[in-house]
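Every number in this text was worked out from the coordinates using simple rules, so none of it is lab data. Values in this document were obtained by computation on a predicted structure and should not be read as measured data. Note that we place each Cβ from the backbone using ideal geometry, even for glycine, and neighbour counts take in every protein chain shown.
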Amino acid sequence: MSLNGVRTRWRGRTIGFSVAGVLLAVSAMGHSSVPEPAYIELYMDGVAVTSLGLLQVPAGHEQEYLEHSRVPVHTDDLSTDLKQDHSDLATESAAWLAQGTIPGAGTQYEDLARTALLDIRALIHEDGALAAGAHKRWRYAWPRDNSFAAVALARTGHSEDAISLLEFLASVQGKDGSFQARYLLDGSGTPDNRPPQTDGTGWVLWALGDVITQMNTQAPGSGTAELADHAVLLDRSTDRILELIDNPRSLPPVSPDYWEVRETALTLGTVGPLLAGLESAANLYALLGQSDSSMRAQEGATRLNAAITKEFGAVNYSRHITGGLACASTSFVQPPFVETALEGAHDAWVDSVKFMARPAGGLAPGGSWKADGISWTPETALYAMTAAASGDREGAERWLTWIDEHRTMSGAIPEKVLADGSPAAVAPLAWSAANILIALDDLEKIAAN
């Protein structure tokens, strides 16, 4: 497959001059204390699916692949048997793609979407767990990443793969409905002693609801039939969230969230996913005909919605309930996560961009994130998701185009982009890939309507 389009994605020289101009302009205005942009190396350029397993493409190496796959093109040193094995792998990959759809097909984003799908498929472990990335530091399963990927897979017609991710999450969930921050890919435990993250329970419920909805849309009744097999996951998760908000304030305790740092104040990144989860649970129980359970979940969602609107709305939906700058979690209290944006949340989301913007054109995780000049693709893609779900085609395409233009030479979506526009850290990153697919799917819905 020709990757000529990939070769010119990152125009380092042009972007570099642009950043320099920005810094000079800032200096001219008298703000000479601009922090020095941080440097993080690109750990890998992408992944390669081979008969020996999943391999890492060295950073700076432009890997070409057999068509519609992540299988590297044949080289002269490969034996005839290996060439045949790789051809078979590529054929399987192409057949898998053909079973579903590619959001953005026929547009400038078709290659971006195909790449995202193939990279997610490559990162799924044989036990059904999705690795966040192929690099050793990311070779774990985060409940958040697996949830978003399940939604992306279901929306692109790969429901069996989506269900396998949810089944993995159900297998590692605590009996009390809780989730750890991340898991070993074989489900045997956790890699360290990080504290549990409350948001995981909300993300899993949200994903279960979206997956079942997509299945019912694609084949009426299939999702509802599948849902019966996930009763334990549904019950445990719903009970967990309701227990957490069973207090006079109707808010959960403090917990780490997607920033993955210890917190001393409750974050929007924790409560947003829980609200999304409860709304999803209410709809799922209704599908099962369990009206009492549906009403119980809906009442909890109503209380939590009111509490978030009151407490976080009072501080313009800042990251912390105590106030301060906002973060990407302003997306979590809007569609496609909750059915209706909370009062004032959309305006706060729009306002947050100016505090999160980084020199290369992407976004940091939040306004109070360290001033290192680095853009993060998962958060940038979250803003594409929210824009698309709210009907803002121009806004969604702006973020998607930026991500598309900052892929690695091999076409992978990196976790980070430095101030000079160069890709950095791990590539591909599963969460970013999933977010892009969901955003593109919602863009297609705008076109359809």
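Miscellaneous remarks
- Low-density loop positions, trypsin sites (Lys or Arg not before Pro), the stretch 352-449 - DSSP coil, at most 13 other Cβ in 10 Å: LYS370
- About its Cα centre, the chain has a charge dipole of approximately 1120 debye under the convention of +1 per Lys or Arg Cβ and -1 per Asp or Glu Cβ, with nothing else charged.
- Virtual paramagnetic centre 7 Å along Cα→Cβ of ASN283, amide N under 11 Å, in the stretch 194-214: 206-214
- Helix-only mean residue ellipticity at 222 nm for the chain, each DSSP H run of n ≥ 4 adding -39500 (n - 2.57), per residue, nearest 500: -16000 deg cm²/dmol
- Computed as a quarter of the hull surface, the mean projected area of the alpha carbon convex hull for the stretch 100-448 stands at 15.8 nm².
- Considering only the chain, percent of DSSP beta bridges that pair antiparallel, nearest 5: 95
- Distance (nanometres) between label positions extended 7 Å along Cα→Cβ at ALA448 and GLU339: 2.0
- Sparse-neighbour loop sites [trypsin sites (Lys or Arg not before Pro); the stretch 217-250; at most 14 other C-beta within 10 Å; DSSP]: ARG249
- 26 Å Cα cut-off, lysine pairs counted over the stretch 100-448 (separation 8 or more, or different chains): 6
- Trypsin sites (Lys or Arg not before Pro) restricted to the stretch 140-207 and DSSP loop, no more than 13 other C-beta within 10 Å: LYS175
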